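Scroll down for the structure; my scribbles are underneath it.
The values are calculated or read from the model by the stated rules, or taken from the named source; none is laboratory data. Quantities reported herein were computed from a predicted structural model and do not represent experimental measurements. With ideal geometry, Cβ positions are generated from the backbone for all residues, glycine too; neighbour counts draw on all protein chains shown.
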Amino acid sequence: MKIIDAHIHLSNIESFKETAKSLSKVDYSTDGVQSEMKDANIVLAIGMGVTETPHMGFPDYKAQTPMGLDLGDILPPNIVYCAGVNPYKLDSFSIRELEREIYKDHVVGIKIYLGYYPFYAYDKVYNPVYELAEKYNLPVVFHTGDTYSERGLLKYSHPLAIDEVAVKYRNIRFMMAHFGDPWTLTGAEILYKNRNVYADLSGLVVGARAELEKAQEGIFLQHLRHALVYANSYDKLLFGTDWPLAPFQPYIEFIQNLIPSEYHEDVFYNTALKVFPKIKKFLYG
C-alpha cells in the first residue's frame with residue numbers, strides 16, 4: 001500500500017533534534033527521512049513549516065511569516081510543506097511574502113500553530129490568511145491539543161474554536177492536527193458537524209516502537225477509540241506521524257491497529273489527495 005504522510009517536520013528545531021536522539025531514535029536529517037520513508041513505502045510527506053532563531057526555542061515570536069523547512073539546504077523531491085504562520089508577523093509585507101510563498105509548487109497548504117501562539121483560530125489576526133487560503137484553494141492546518149512546549153497555552157489549542165472558523169469559511173478545507181488530543185471527543189464533534197473539517201492522526205504517541213506498542217495496552221487510547229467511533233468519519237481522517245516524534249514504520253502499524261481495515265486506503269492515501277490537491281502533481285506528474 002502506498003502511503004502519504006500528512007504531517008512531518010524537517011526544521012532546525014532543537015526540541016526535535018533532542019526527541020529524535022533520546023526518544024524516537026531516528027536519524028533526524030534529510031538523508032534519514034528519505035531512507036526511512038523508502039523503507040516504509042511512504043511516497044510523499046507533507047512538512048509543517050516552522051522555524052526558530054538561536055536561543056529562542058519554539059514558539060519563536062520573532063520568526064518571520066512564512067515559516068518553512070530549514071533542516072537542510074535542499075528539500076527532498078518527495079517532501080512538500082505547509083507554510084507556517086507567525087501571527088505576530090502578519091503585517092502587509094508578511095502577507096505579500098506568504099502569498100508569494102504559496103505560489104510555489106511544493107507549498108501545498110498553510111499551518112497555524114494554535115496554542116503555541118496566544119490567539120484563537122477565529123481571531124481577526126488570521127483573517128488575511130484565510131482569505132489567501134480561499135483565493136488559492138489551499139487547506140489550513142491547525143495545531144490542536146497538547147503543545148510540545150510548556151510555553152504553550154492550551155486554551156488556544158482546544159479544537160472547539162475551529163467550529164466558528166469552519167462555519168464562517170465554508171469554502172476552506174481545515175485540518176485539525178492530532179485530532180485535538182486529548183480533547184478528541186470535541187474534535188470528533190467538530191469533524192462530524194462540519195463538512196469542511198478533517199483531522200490527522202499524527203503525534204498521538206511520542207517515542208520508538210516500544211512506546212507505540214505499550215500505548216495500545218490498557219485504557220491509554222480509550223478516549224481516542226471512543227472519539228473515532230463517535231465521529232464515524234473515517235473518510236475524513238489522514239495518516240500522519242509527526243516525524244521525528246515517532247519513526248515511520250512502527251507508527252504506520254500503530255494507526256493500522258486503530259482504524260478498521262476497510263478504511264486504510266482512505267486514511268493512508270486517498271483523503272490526503274482531497275485535502276491537499278496540489279500534491280497530485282508530485283505523485284502523478
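Among residues that are buried (at least 20 other Cβ atoms within 10 Å of the Cβ), of a type outside the set (Asp, Glu), at pLDDT 95 or above and over 20 Å from TYR198 (Cβ atoms), LEU98 is included.
Pairs linking a residue in segment 1-14 that is in contact (Cβ under 8 Å) with a residue 12 or more places away in the chain and charged (D, E, K, R) to a residue that is surrounded by 24 or more Cβ atoms within 10 Å (Cβ to Cβ) and in a loop (DSSP other than H, G, I, E, B), with Cβ atoms under 7 Å and 6 or more positions apart or on different chains, are ASP5/PHE239; ASP5/GLY240; ASP5/THR241.
Note on segment 1-39: among residues that are touching a strand residue (DSSP E or B) at 6+ places or on another chain (Cβ under 6 Å) and charged (D, E, K, R), the one that is nearest to ARG209 (Cα to Cα) is ASP5. Of a type in the set (A, V, I, L, M, F, W, C) and surrounded by fewer than 18 Cβ atoms within 10 Å (Cβ to Cβ), is that true of ILE74? In short, yes. Every condition in (1) over 18 Å from ALA45 (Cβ atoms); (2) touching an Asp or Glu at 6+ places or on another chain (Cβ under 9 Å); (3) of a type in the set (Lys, Arg); (4) surrounded by 18 or more Cβ atoms within 10 Å (Cβ to Cβ) is met by LYS193 except one, and the failing one is (4). Under the condition of being within 20 Å of the chain's Cα centre (by Cα) and farther than 20 Å from VAL107 by Cα, the residues counted in segment 33-60 number 7. Contact map, segment 20-36: residues that are assigned to a loop (DSSP other than H, G, I, E, B) paired with residues that are among the hydroxyl-bearing types (Ser, Thr, Tyr), Cβ distance under 8 Å, separation 6+ or inter-chain. Pairs shown: ASP27/SER35.
Tallying residues that are more than 16 Å from LEU228 (Cα to Cα) and in contact with a strand residue (DSSP E or B) (Cβ under 8 Å, 6 or more places away or on another chain) within segment 164-194 yields 5. Residues in segment 95-106 that are more than 13 Å from VAL85 (Cα to Cα) and either part of a strand (DSSP E or B) or out of contact with any Lys or Arg (no Cβ under 8 Å at 6 or more places or on another chain) (or both): ARG100, TYR103, LYS104, HIS106. The condition (being hydroxyl-bearing (Ser, Thr, Tyr), touching a residue at least 40 places away in the same chain (Cβ under 8 Å) and out of contact with any strand residue (DSSP E or B) (no Cβ under 9 Å at 6 or more places or on another chain)) is satisfied by just one residue among SER92, SER149: SER149. The set of residues in segment 270-285 being part of a loop (DSSP other than H, G, I, E, B) and in contact with a Gly (Cβ under 9 Å, 6 or more places away or on another chain) consists of PHE276 alone.
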